[in-house]
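*Asks:* The structure under discussion is supplied below as structure tokens; questions concerning it will follow.
The values are calculated or read from the model by the stated rules, or taken from the named source; none is laboratory data. Bear in mind the structure is a predicted one, so any value in this text is a computation, not a measurement. Cβ sites come from the backbone with ideal geometry, for glycine too, and all protein chains shown count toward neighbours.
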Amino acid sequence: MHKLVIASLLLMSLATGARADHTGNIVGGTEVPRGAWREVVAVLGRFGTCTGTLIAPDVVLTAGHCIDASPYEVAVDTIDYAKPGGQRIAVASARAYPDWQERYDVGILMLDHVALPRPATIAAACTAKRGLVEGAQVRAVGFGVTSPSGDDDNTALHEVELPVRDPACTTDAACIAAIAPGGELIAGGRGRDSCFGDSGGPVFLDTAKGPVLAGVVSRGVANAPRPCGGGGIYVRADKVMTWVKRTTGRTFARSACDAGPADDGGADEEVDGGCSTGRGAGPLGVGSLLAIARRRRRGRVGRA
């Protein structure tokens with residue numbers, strides 16, 4: 001029942017609206033220069049557009065709700081997927097996290113062949129625990145629209161720095177109780193945010209050895225006055241890596257903690273240790289379902 005409600009509301013909320021000129025960036029950020037963030041890809045689907053991150057030569061991590069857009073191709077190594085350049089690689093298969101509507105809103109794309117850019121390094125649990133604290137700065141990167149109203153037609157790659165507001169995602173109605181605390185985080189607001197089309201894109205955390213993938217764009221916070229700009233909810237990448245590794249059979253670059261090698265394994269396991277639906281924690285209320293459905297950040301229907 002929850003899946004049917006969310007699917008129908010997603011289609012309603014992503015319907016094409018009036019178009020606006022580009023007066024902002026990602027929202028509140030800047031355009032990405034050529035050659036930067038080469039691991040960030042545009043995910044082109046039959047029913048919408050998203051962003052994703054190359055985490056292995058032939059694996060892209062994106063949002064679970066982006067799988068519903070029927071992704072067929074990714075645009076790699078480009079700062080504007082509407083212009084020539086970069087690689088276009090077909091999607092060989094796509095899979096969302098089991099019961100993603102009530103758990104982790106992530107999905108994986110297996111590509112037809114390997115991409116050229118170097119894959120992102122993924123934050124280990126120890127890195128995320130130390131770095132994702134209230135007030136810390138993270139960076140969202142994506143191909144999404146750039147106006148707070150969410151009704152422009154941007155296709156260029158943008159980035160924005162966001163302050164972490166709630167590292168455990170326990171304070172907003174759109175947080176998913178079954179994976180709280182710590183399965184998601186809230187960042188941004190006051191005009192600095194991700195928006196429609198940024199869904200599935202990366203949130204990077206800076207470390208002494210460079211940026212690491214710490215989060216995945218999912219949705220906006222509940223009860224924000226405008227579609228974008230009020231802050232977003234991001235899935236913790238370290239929490240789903242056991243599932244990703246098991247599903248793809250690939251290995252991934254992980255960050256290392258000061259005390260030793262990254263704890264890539266049990267410490268990154270999902271809250272309940274696997275793929276259970278999480279219904280034991282109780283279903284989401286109708287208010288939370290509506291908030292989640294209305295604020296998903298996949299590109300509008302017809303933009304692919």
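*Asks:* Would you pick out the residues in the range 183-222 that are among the polar types (S, T, N, Q), in contact with a strand residue (DSSP E or B) (Cβ under 6 Å, 6 or more places away or on another chain) and closer than 18 Å to residue 119 by Cα?
*Replies:* none
*Asks:* Take residue 215 and decide whether it is within 18 Å of the chain's Cα centre (by Cα), more than 21 Å from residue 121 (Cα to Cα) and at pLDDT 95 or above.
*Replies:* Here the answer is no, as residue 215 does not meet what is asked.
*Asks:* Is it the case, given these coordinates, that residue 186 is in a strand (DSSP E or B), touching a Lys or Arg at 6+ places or on another chain (Cβ under 8 Å) and either in contact (Cβ under 8 Å) with a residue 60 or more places away in the chain or surrounded by fewer than 22 Cβ atoms within 10 Å (Cβ to Cβ) (or both)?
*Replies:* no
*Asks:* Looking at the range 101-116 only, could you name the residues that are surrounded by fewer than 22 Cβ atoms within 10 Å (Cβ to Cβ) and more than 17 Å from the chain's Cα centre (by Cα)?
*Replies:* Listed by number, the residues that qualify are 112, 113, 114, 116.
*Asks:* Restricting attention to the range 30-76, report how many residues are on the phi > 0 side of the Ramachandran plot and within 12 Å of the chain's Cα centre (by Cα).
*Replies:* So the answer is 0.
*Asks:* For residues that are more than 27 Å from residue 98 (Cβ to Cβ) and not small (Gly, Ala, Ser), tally how many sit in the range 212-241.
*Replies:* Here the count works out to 5.
*Asks:* Note down all Cβ pairs under 8 Å where the first residue falls in the range 40-56 and is basic (Lys, Arg), the second is surrounded by fewer than 24 Cβ atoms within 10 Å (Cβ to Cβ) and modelled with pLDDT under 95, and they're at least six residues apart or on different chains.
*Replies:* Filtered contacts from the range 40-56: 46/304.
Residue-wise test of (1) modelled with pLDDT of 95 or more; (2) at positive phi; (3) crowded, with 16+ Cβ neighbours inside 10 Å; (4) not hydroxyl-bearing (Ser, Thr, Tyr).
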position: 78; (1), (2), (3), (4): yes, no, yes, no
position: 89; (1), (2), (3), (4): yes, no, yes, yes
position: 118; (1), (2), (3), (4): yes, no, no, yes
position: 134; (1), (2), (3), (4): yes, no, no, yes
position: 165; (1), (2), (3), (4): yes, no, yes, yes
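*Asks:* Quick check: anything in the range 200-222 free of Cβ contacts under 8 Å to residues at least 60 places away in the same chain, small (Gly, Ala, Ser), assigned to a loop (DSSP other than H, G, I, E, B) and crowded, with 22+ Cβ neighbours inside 10 Å?
*Replies:* no
*Asks:* For residue 98, are the conditions met, namely being at negative phi, over 18 Å from the mean Cα position of the chain (by Cα), modelled with pLDDT of 95 or more and surrounded by fewer than 19 Cβ atoms within 10 Å (Cβ to Cβ)? Write out each step before concluding.
*Replies:* On the way: at negative phi: yes; over 18 Å from the mean Cα position of the chain (by Cα): no; modelled with pLDDT of 95 or more: yes; surrounded by fewer than 19 Cβ atoms within 10 Å (Cβ to Cβ): yes.
No.
*Asks:* Right, another one. Which of the residues that make up the range 230-249 are outside any strand (DSSP E or B), touching a helix residue (DSSP H, G or I) at 6+ places or on another chain (Cβ under 8 Å) and not aliphatic (A, V, I, L, M)?
*Replies:* Across the range 230-249, the qualifying residues are 238, 239, 242.
*Asks:* Shifting gears a bit: Just one of the numbered conditions (1) assigned to a strand (DSSP E or B); (2) among the aliphatic types (A, V, I, L, M); (3) at pLDDT below 50 is not true of residue 284; which one?
*Replies:* (1) is the only condition that residue 284 fails.
*Asks:* Output the number of the condition that residue 132 fails; it satisfies all remaining conditions of (1) aliphatic (A, V, I, L, M); (2) in contact with a strand residue (DSSP E or B) (Cβ under 8 Å, 6 or more places away or on another chain); (3) under 17 Å from residue 30 (Cβ atoms).
*Replies:* (3)
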